[in-house]
1. Can you put Asp80, Asp154 in order of accessible area, largest first, using a 1.4 Å probe?
2. Could you pull the accessible area for Arg118 with a 1.4 Å probe, rounded to 10 Å²?
3. Which of the trypsin sites (Lys or Arg not before Pro) across segment 173-247 are loop residues per DSSP, with 11 or fewer other Cβ within 10 Å?
4. Given the C-alpha centroids of segment 1-18 and segment 195-227, what is the distance between them in whole angstrom?
5. Write down the accessible area per residue of the chain in Å², having rolled a 1.4 Å probe over the full set of protein chains.
6. On the accessible surface of the chain, probed at 1.4 Å, how many percent belong to carbon and sulfur atoms?
7. Check Asp197: other-chain or 5+ apart residues with amide H under 5 Å from its amide H, H built from backbone geometry?
8. So if each residue of separation counts as 0.36 nm, and I subtract the Cα-Cα distance between Asp36 and Lys214, what length gain in nm does that give?
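The values are calculated or read from the model by the stated rules, or taken from the named source; none is laboratory data. This structure is a prediction, so every number in the text was calculated from the model and none was measured. Here Cβ is always computed from backbone atoms with ideal geometry, including for glycine, and neighbour counts include all displayed protein chains. Remember, those area values only see protein heavy atoms, side chains included, never the ligands or the DNA or RNA. Shrake-Rupley method; radii C 1.70, N 1.55, O 1.52, S 1.80 Å.
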Amino acid sequence: MNYEELLQRAQQMEKELDDGKNVLSRDSKIIAFLFDNCEITIPEESVYFVRVNTGYHGGRIMRDMMSSRRLNYPPKPVDDSHRVGLRNYAFTGNSDFGHTAPVWDNIFALGIDGMKKRIENRTGPALNPDFVESQVRVFEAAQRFMLRAADEADRVGKKRMAQGIRNLTYNPPSDLFEAFQLPLVFYCLMQFFEATDIRTLGRLDQLLLPFYEKESDQEKVMAMALDFMCEIDALKAPANMPFAIAGTDGDGHSMVNPMSYVFLKAYAATKLPEKKL
């Protein structure tokens, strides 16, 4: 479906599924619909992942729908406490309250399927009785989307991309290429479908170090890092896409490692505006 068809159908689903109670269940069905019906394209320069037509940043389908919902709730009048906040540049409750920092350690350790299984195996009461069903619905739809993306990558001759996506559909990353690929896949799933703004790719040198240590070809490592930087830039993330390297552990010991220098060199070499170190 093209963008307008996706948007119209999503808006129709919102009306049909709205019982005034369970936003989580409704949204999970809409997001699953987007996963199953979006168009998938792969720019010639793309190495790691695909592009989708669910809208970018301010114009994403789920973000547009969330914004329209807010119109149903009249804003509270500005009081003295808000005025103080405005004068001091403090947070005053605007619509920018939606940034998130994924737990990248878990994502790398479990993978997409592992996170789905963790939810399926959840025990104990939930405040929302549809929590598990809704979450699993979205993860299963995300996996179907990833397999569609792998098929498209195969179709256009990007065999390494396709191989990595298929493995990441059911497993954690198996090598350095897939370790570079995973944050870009997860960014797409959250940013362009669920419409939550990811504001960090994590401490990438730590996350990728175990995979780096299995590589012997340093030219290949640097080539992958340069491609990764270029692909971050191509996403045109709002307010740039931050990541971190080095620093210290909880006891103050240096966490600098060989992958830290790979990222520094790739960052300096590419000179692109959308990544933020």
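1. On the way: Asp80 110, Asp154 45 Å².
Largest to smallest exposure gives the sequence Asp80, Asp154.
2. Accessible surface of Arg118 is approximately 130 Å².
3. Working: sites: Arg199, Arg203, Lys214, Lys220, Lys236; in loops: Arg199, Lys214, Lys236.
Those that pass, being in a loop and sparsely packed, are Lys214.
4. Going from one Cα centre to the other spans 37 Å.
5. Numbers: 14510 Å² over 277 residues.
With the other protein chains kept in place, the chain gives 52 Å² per residue.
6. On the way: 7840 of 14510 Å².
Heavy-atom surface of the chain belonging to carbon and sulfur, 1.4 Å probe: 54 percent.
7. Thr100
8. Details: separation 178, 0.36 × 178 = 64.08 nm, distance 3.58 nm.
Here the segment from Asp36 to Lys214 would lengthen by 60.5 nm.
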